[in-house]
Amino acid sequence: MKYIFLHGMGQNASSWDKTISFLPDNIETVCLELSDFFTKGNCYYDKIYSAFCDYCNKFSDPLNLCGLSLGAVLALNYAIDFPQRVMSLVLIAPQYDMPKFLLRVQNLVFKFMPKSQFQNIGLTKNDFITLTNSMVNMDFTKDIEKIFCPVLVLCGEKDNVNKTVAVKLTERLPRAKFITINNSKHEVNLDNPNELAKAIKEYIIEDEEFVCVECEKTSGLLN
């Protein structure tokens, strides 16, 4: 079983290293470097999303996507547009109706941050600001009903900005489960990778058991 991991804004692919180290060896993982999906100076969400879709559509089998923050938005967006190509979702600190005020505040913070703080994540300061501005008017509210795969929604217990939205998203999805990760803020994969991995592992086992039961039901009907 393959899981594609999508990091958040301000992170890189290695941000998943500790989480993945706690997962069973039989879970195949791919950690994407989101900076590979855009060219510097042209960092717009739709460009990144288009490149991400091209990557995912190369696989013949349905995908299991796990994303945090920006990564969760990309995973959610893909599941809406290509529901038949997604087997399951793990969404960490997701947003489905972008918080315009918070994004503008975030941009203001970026403007005053030194350029050196952006060196290890493949984005320049201007790239960050461009990307954030390009997401301000995004709203998936009307399209969430297109998602029918199992979904695990997670949020750090101290991530008050995203927790309410995460719970609301869970309530809107037919096959979703919400879990709070203790002792963590927004970057759950860095704050508490052990508990995050445990939640993902238990969810995978539950999902596999559900699929097996459904297969048995279908087999019984056919026989």
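The values are calculated or read from the model by the stated rules, or taken from the named source; none is laboratory data. It should be emphasised that the depicted structure is a prediction, and the values quoted were computed from it without experimental measurement. All Cβ positions, even for glycine, are placed from backbone atoms using ideal geometry, and neighbour counts span all protein chains on display.
Looking only at residues in the stretch 89-112 that are in a strand (DSSP E or B) and either modelled with pLDDT of 95 or more or among the β-branched types (Val, Ile, Thr) (or both), which one is surrounded by the fewest Cβ atoms within 10 Å (Cβ to Cβ)?
LEU89
Output the number of residues of the stretch 6-29 satisfying the condition of being at positive phi and touching a strand residue (DSSP E or B) at 6+ places or on another chain (Cβ under 6 Å).
0
State which residue pairs qualify: first residue under 19 Å from VAL151 (Cα atoms) and of a type outside the set (Asp, Glu) and inside the stretch 177-188, second residue modelled with pLDDT of 95 or more and surrounded by fewer than 18 Cβ atoms within 10 Å (Cβ to Cβ) in any location, beta carbons under 7 Å apart, and separation of 6 or more residues or different chains.
Pairs that qualify, where the first residue is under 19 Å from VAL151 (Cα atoms) and of a type outside the set (Asp, Glu) and the partner is modelled with pLDDT of 95 or more and surrounded by fewer than 18 Cβ atoms within 10 Å (Cβ to Cβ), are PHE178/VAL167; THR180/GLU157; ILE181/GLU157.
Please go through the stretch 30-51 and give me each residue that is touching a strand residue (DSSP E or B) at 6+ places or on another chain (Cβ under 8 Å) and at pLDDT 95 or above, ordered by number.
Matches in the stretch 30-51: VAL30, CYS31, LEU32.
Every residue in the stretch 136-162 that is without any contact (Cβ under 8 Å) to a residue 60 or more places away in the chain and assigned to a loop (DSSP other than H, G, I, E, B), please.
VAL136, ASN137, GLU157, LYS158
I'd like the residue in the stretch 1-29 that is out of contact with any helix residue (DSSP H, G or I) (no Cβ under 6 Å at 6 or more places or on another chain) and either among the charged types (D, E, K, R) or free of Cβ contacts under 8 Å to residues at least 40 places away in the same chain (or both) and, out of all such residues, is surrounded by the most Cβ atoms within 10 Å (Cβ to Cβ).
Ranking the qualifying residues of the stretch 1-29, first place goes to ALA13.
Do the conditions hold for LEU34, that is, is it under 14 Å from LEU131 (Cα atoms) and of a type outside the set (Phe, Trp, Tyr)?
So LEU34 fits the description; yes.
Could you say which residue among SER69, SER35, SER50 is under 27 Å from GLU206 (Cα atoms) and of a type in the set (S, T, N, Q)?
One residue alone meets the criteria, SER69.
Output yes when any residue across the stretch 167-185 is among the aromatic types (Phe, Trp, Tyr), at pLDDT below 95 and either surrounded by fewer than 18 Cβ atoms within 10 Å (Cβ to Cβ) or not in a helix (DSSP H, G or I) (or both), and no when none is.
No.
Name the residue, out of ALA79, ALA51, ALA72, that is within 17 Å of the chain's Cα centre (by Cα), part of a helix (DSSP H, G or I) and more than 28 Å from SER184 (Cα to Cα).
Exactly one of ALA79, ALA51, ALA72 is within 17 Å of the chain's Cα centre (by Cα), part of a helix (DSSP H, G or I) and more than 28 Å from SER184 (Cα to Cα), namely ALA51.
Output the residues belonging to the stretch 30-55 that are among the hydrophobic types (A, V, I, L, M, F, W, C) and surrounded by 18 or more Cβ atoms within 10 Å (Cβ to Cβ).
Correct list: CYS31, LEU32, LEU34, PHE37, PHE38, CYS43, ILE48, PHE52.
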